[in-house]
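The structure appears right after this line, and notes come after that.
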Protein chains: 2
Amino acid sequence: MPIRHTVVFRLVHPAGSAAEREFLADAEAALTSIPGVEEFGISRQVSPKSDLAYQFAMTFADQRAYQAYNDHPAHVSFVADRWVPEVAAFQEYDFTEV
Amino acid sequence: MPIRHTVVFRLVHPAGSAAEREFLADAEAALTSIPGVEEFGISRQVSPKSDLAYQFAMTFADQRAYQAYNDHPAHVSFVADRWVPEVAAFQEYDFTEV
């Protein structure tokens, strides 16, 4: 069953900064290079009921493809080198058909 | 600019219960009857990193359509009569293009 993997987050960088733009562009390049990542999208989160500012979303064909992504060296290094130091807060959600 | 309005939530009802099924069906019927609601969807939230269990998502053409939905009597009564008593926890997010 396909899984829509999402994470809503905010960065340590100021809104509108070059560092923010670079993070978003570098994340897209790094994550879409990983096999199994489909329909990658970046959205702005605009509800005042959350203080998170962006969402990454991607679809995996099944749990096996999702696990392979999680374990992929490009994902592991992205998390360690960029996500941990540059993300101030986040929440993951994964969606499937009911 | 289109807005993807989402809410992730869990119910007071047990998973797999008739009350859960009725809530989801009644919510879809009530909310999709409101003008401006497009691409309504119900998903199951399966990440163990969140204790929320479902997501409703819908698209509005613009902020004006979103506001009209919020103010619509069918929305107001759904929130008061079903959402408040039957939803144990929730988080809203609204997404737009970056």
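No lab work stands behind these numbers, since they all come straight from the coordinates. In this text the structure is predicted, and so the values were computed from the model without any measurement. With ideal geometry, Cβ positions are generated from the backbone for all residues, glycine too; neighbour counts draw on all protein chains shown.
Region A:77-98 and region A:13-36 have Cα centres separated by 12 Å. The rotation axis taking chain A to chain B passes closest to the C-beta of one chain A residue; that residue and the distance in whole Å read A:Gln91, 4.
Here the dipole of the protein assembly as shown is about 200 debye; that uses its Cα centre as origin and unit charges on the Cβ of Lys and Arg (positive) and Asp and Glu (negative). Using a Gaussian network model of chain B in which every pair of alpha carbons under 10 angstrom is joined by a spring, one finds that among B:Glu39, B:Glu20, B:Glu86 the greatest mean-square fluctuation is at B:Glu39. Springs between Cα atoms under 10 Å define the GNM used for chain B, and in it the highest mean-square fluctuation of B:Ala61, B:Ala53, B:Ala18 occurs at B:Ala18.
Taking B:Val46, B:Val87, B:Val37 as the candidate residues, the one with maximal mean-square fluctuation in a Gaussian network model of chain B, Cα springs under 10 Å, is B:Val46.
Just from its helices, what would the mean residue ellipticity at 222 nm be for chain A, if runs of 4 or more DSSP H residues each count -39500 (n - 2.57) and the sum is divided by every residue, rounded to the nearest 500 deg cm²/dmol?
-9000 deg cm²/dmol
Mean separation of Cα pairs under 8 Å and 6+ residues apart, divided by the residue count of region B:3-90: what relative contact order is that in percent? About 44 percent, as a whole number. Placing dummy labels 7 Å off each Cα toward the beta-carbon, the span from B:Ala19 to A:Glu39 is 3.3 nm.
In nanometers and ordered shortest first, the copy-to-copy spacing of the B:Pro73 label point, defined 7 Å from Cα toward Cβ, is 6.5.
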